[in-house]
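Just so it is clear, none of the values below were taken in a lab; they were calculated from the coordinates. In this text the structure is predicted, and so the values were computed from the model without any measurement. Note that we place each Cβ from the backbone using ideal geometry, even for glycine, and neighbour counts take in every protein chain shown.
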Amino acid sequence: MSRIETALSRFNSGFYCSQAVLAAFAPQLGMEEETAIKVAGAFGGGVANTGGTCGAVNGAYMVIGLKYADTDAKNYQATKKTNNVVREFIKNFETLNGSTICKDLLKCDIGTSDGFKYAIEQKLFSSVCPKFVKDSIEILEHLLK
């Protein structure tokens, strides 16, 4: 199964977009999928359904951190590399989607009860969000080569 298929399978089974993206890369980055799902569990819906930074984007940031960041705080090269890859990810995601912010992407504020209700009624999570998961995976696969 491809990473996109894995991520979409996780997302379609009820996990957040952040969980789906991180879980798709976890095994290759030395993390158990179950741990990835737990770690990314608060980042969906723009962080705890507040409409902030898209969960698929947050999941991508976690993947990039696992790939390039270092546990040595003085490894400035690793920090610089991590930040540069994140910035490149943002540029690519914004080119495709216009924003990295959940409420802008969904065109409603799911951080409010009316906005969340609207997103459910319009089936935005199943009709719009899978594209963001797919885009995140494709951008990551390109950037992590």
Legend entry - Residue list for segment 61-78, restricted to those being of a type outside the set (Gly, Ala, Ser), surrounded by fewer than 13 Cβ atoms within 10 Å (Cβ to Cβ) and part of a loop (DSSP other than H, G, I, E, B): 71, 72, 74
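Among the residues of segment 9-36, which ones are surrounded by fewer than 19 Cβ atoms within 10 Å (Cβ to Cβ) and in a helix (DSSP H, G or I)? First the steps, then the outcome.
Applying the first criterion (surrounded by fewer than 19 Cβ atoms within 10 Å (Cβ to Cβ)) to segment 9-36 yields 9, 12-14, 27-35.
Across segment 9-36, the qualifying residues are 9, 12, 27, 28, 29, 33, 34, 35.
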Inset, instruction - Any residue in segment 14-37 that's at positive phi: show its pairings with residues that are crowded, with 24+ Cβ neighbours inside 10 Å and outside any helix (DSSP H, G or I) at Cβ separation under 9 Å, as long as the two are six or more apart or on different chains. - result: none
